[in-house]
Amino acid sequence: MSSDFRLFMTQLLRRPHQVVALAPSSRGLCAEMAAELDPEGGPVIELGAGTGNITAAILAAGIAPEDCHSIEMNPEFCDRLRARFPGLNVYQMSAGDCGALPVENVQAVVSGLPLLSMPTALQRDILTGFTQKVKPGGTYVQFTYGPKPPVTRTVREALGLTWRRSHKIWWNAPPARVYRFQQLGADATAAAE
Ligand SMILES: C[S@@+](CC[C@H](N)C(=O)[O-])C[C@H]1O[C@@H](n2cnc3c(N)ncnc32)[C@H](O)[C@@H]1O
């Protein structure tokens, strides 16, 4: 068992309502989360980085550690992220405050948060922060294990968000899909579904 996996499981037992996942995201899910990132497209914000599996995929997509801004509220996960990814910007804070990060013109917010288990007010803060930080056409990338969009209808409608979703990633525990949200009018090719 890797030390990252052991740390994840220890924190899952200690803080089940924050971690809310059976295991760290699989390689296939992480690759899909990072699949549309552009190495020349500007900075990326990551939410709920955990032990860093999605972070690794973001960096593998060609984003420099200095251009990746990873928020994680768990101090032990933050220590692991700093040790694992030199140069990465790690912020120990709530994702609800992502609108206050010192970065602009972000190409994407990539989220490993348990969004559906969060109160609507916190979801709204997180997605409002996304709309403040991304450049036009920027995306909010979020995986979910369930059959519905992981951003509630109330928040989608309040912020004018459209979405599209990936194929199902079966080789993940549990199987998951990746949703990509954009603000209406931000990209003419995005269709409301
Ligand atoms: C499902 S785990 C995902 C971890 C990792 N990104 C992955 O995919 O393997 C959710 C992570 O979100 C973090 N988290 C939960 N609520 C948060 C919040 N309000 N602000 C920042 N991080 C949060 C947890 O500590 C945990 O690391």
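Some notes on this structure:
- Tally, over segment 58-77, of residues that are in contact (Cβ under 8 Å) with a residue 24 or more places away in the chain and closer than 15 Å to residue 12 by Cα: 5
- Residue that is nearest to the ligand (Cβ to nearest atom), among those in segment 1-57 that are in a loop (DSSP other than H, G, I, E, B) and free of Cβ contacts under 8 Å to residues at least 24 places away in the same chain: 2
- Of the residues making up segment 74-119, those that are loosely packed, with under 13 Cβ neighbours inside 10 Å and under 20 Å from residue 133 (Cα atoms) are 100, 102, 104, 105.
- Top-ranked residue in segment 58-74 [being charged (D, E, K, R) and over 21 Å from residue 137 (Cβ atoms); ranked as farthest from the ligand (Cβ to nearest atom)]: 66
- Pairs with Cβ under 6 Å, 6+ apart, first in segment 159-184 and surrounded by 13 or more Cβ atoms within 10 Å (Cβ to Cβ), second in a loop (DSSP other than H, G, I, E, B) and polar (S, T, N, Q): 172/26; 177/166; 178/166
For every residue, the table says whether it meets (1) surrounded by fewer than 24 Cβ atoms within 10 Å (Cβ to Cβ); (2) at pLDDT below 90.
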residue	(1), (2)
22	yes, yes
27	yes, no
30	no, no
42	yes, no
48	no, no
72	no, no
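Per-residue answers, yes or no, for (1) closer than 21 Å to residue 48 by Cα; (2) among the polar types (S, T, N, Q):
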position	(1), (2)
144	yes, yes
152	yes, yes
162	no, yes
166	yes, yes
170	no, no
173	yes, no
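The values are calculated or read from the model by the stated rules, or taken from the named source; none is laboratory data. Because the structure is a prediction, the values reported are computed rather than measured. As a convention, Cβ positions derive from the backbone with ideal geometry for all residues, glycine included, and neighbour counts pool all protein chains shown.
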